[in-house]
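The values are calculated or read from the model by the stated rules, or taken from the named source; none is laboratory data. Small disclaimer: the values here were computed from a predicted structure and weren't measured. Cβ: placed from backbone, ideal geometry, glycine included. Neighbour counts: every protein chain shown. What goes into the accessible areas is simple: the full protein's heavy atoms, side chains included, and nothing from ligands, DNA or RNA. Shrake-Rupley method; radii C 1.70, N 1.55, O 1.52, S 1.80 Å.
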Amino acid sequence: MKFLSIILLLYHAYTAHPSYISEEPKPMREIFDVNEYNIEDVVNEEVVVSKYVFDDEIIEVVQEDVIPELCYLTSDNFTVYNSFLLDRYCLEELESVSPQCRGFKCELAHYFLEHGAQIYMDFMNAASYKEAVEVVHRELSVAFEKLNMCTCGREFFKALFKCAPFYNGNALFALVGDNEDSIVAYGRAARHLDLKSASKFFDKLMAGVCAKSESGMCLNSIFNGFEELTELLETTLEEYEDYDDGDRKHRKSQEKRCDALFGSIRTWTDNDDFEELDGEEDFEI
């Protein structure tokens, strides 16, 4: 009887806590090696509204340090004591953007605080690779529209690239533990890098992403392609073991998927124009 009572007690404990029931695997957590404890360090779940919010420590840092600096600090009231992320030169560059975009950095901080935790958990809880890509697609599309990334985002990143070689904010000193040699090394490396060309490249990339397309914006067209690719990958790779057990029709279907997925790679590697010349790889366009 005692053994039966224990069994019944365990059964009731199990059914009373559905969290003990195994869940479907979440591939994004497996890829980034994120477990439940890592999740709890970043976000808290508000069960009443079914919404995730950042951990209290993250909220405190953003509300008390990041937002005041990005929203209210100006070159007129700037000191080394009331700033952390920005230095005076970067702040002046960010203030030099067009009037309609001067509030972008503040809006970005608020958007991160309001939506960041939910985006993070939607991505980590994705049940498939395709669903994870869909989350990134959806959230980027919304952010691009709400934050006016195609105009203000481009100006913001131009300003950051311009001030990066001369950056000496308190955040940099904290990052290297106030090590003077590391500060000097950063300055030397940043001045030798061709950040002007990198800025032009990134701006052209942003312009291309924002260009109009059949899907409304090129960003949507790119992610539509990614979603089709991930669906193809999942069907081809995750169901690979089913090939031997399938009938002739199923095998033909899988073979066509493999050809569609790997055909372009095979075409590239089998191209006669792809040769090695003097130890270097070259090809004709």
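Calculated on C-alpha atoms, the gyration radius of the stretch 71-115 divided by its Kirkwood radius gives an Rg/Rh of 0.98. Round to the nearest 0.05 the FRET efficiency obtained for ASP178 and SER141 when R0 = 41 Å and r is the Cβ-Cβ distance. It comes out at approximately 0.50. State the Cα centre-to-centre distance between the stretch 43-121 and the stretch 214-233 in whole Å. The stretch 43-121 and the stretch 214-233 have Cα centres separated by 31 Å.
How about the stretch 57-143: which chymotrypsin sites (Phe, Trp or Tyr not before Pro) there are in a DSSP loop, with at most 12 other Cβ atoms within 10 Å of their Cβ? For chymotrypsin sites (Phe, Trp or Tyr not before Pro) across the stretch 57-143 that sit outside H, G, I, E and B with at most 12 neighbouring Cβ atoms in 10 Å, the list reads TYR81.
For the stretch 190-223, trypsin sites (Lys or Arg not before Pro) are listed when DSSP marks them as loop and at most 15 other Cβ atoms sit within 10 Å of their Cβ; the list is LYS212. Give me the Debye-computed log₁₀ of I(q)/I(0) at q = 0.14, 0.25 Å⁻¹ for the stretch 45-109, equal point scatterers on Cα only, no solvent, two decimals. The Cα Debye sum returns log10 ratios of -0.50, -1.07.
Label-to-label distance, ARG102 versus ARG251, with points set 7 angstrom from Cα along the beta-carbon direction: 7.1 nm. In the complete set of protein chains, residue-level accessible area for ARG251 is approximately 90 Å², probe 1.4 angstrom.
Once R0 is set to 30 Å, what does the formula 1/(1 + (r/R0)^6) return for the Cβ-Cβ distance between TYR81 and GLU114, expressed as a FRET efficiency to the nearest 0.05? Can you show the working numbers first?
Numbers: r = 29 Å, r/R0 = 0.96.
Efficiency for this residue pair is about 0.55.
Note on LYS212 and ARG88: their simple-model spin labels are 4.6 nm apart, each label 7 Å out from Cα toward Cβ.
For LYS130, a cut-off of 23 angstrom between C-alpha atoms picks up these lysines, skipping any fewer than 8 places away in its own chain: LYS26, LYS51, LYS256. Taking VAL61, VAL42 and ordering them by how much accessible surface each has at a 1.4 Å probe, largest first, produces VAL61, VAL42. Computed extension gain for PHE32 through PHE157, at 0.36 nm per residue and net of the alpha carbon distance, reaches 42.3 nm.
Using only the heavy atoms of the protein chains and a 1.4 Å probe, how would HIS250, HIS110, HIS192 rank by accessible area, largest first? Don't jump to the answer; show the numbers that get you there.
Values: HIS250 55, HIS110 80, HIS192 150 Å².
Accessible-area ranking of HIS250, HIS110, HIS192, largest first: HIS192, HIS110, HIS250.
Modelled this way, with points 7 Å down the Cα-to-C-beta line, the labels at ASP55 and ASN170 are 2.3 nm from one another.
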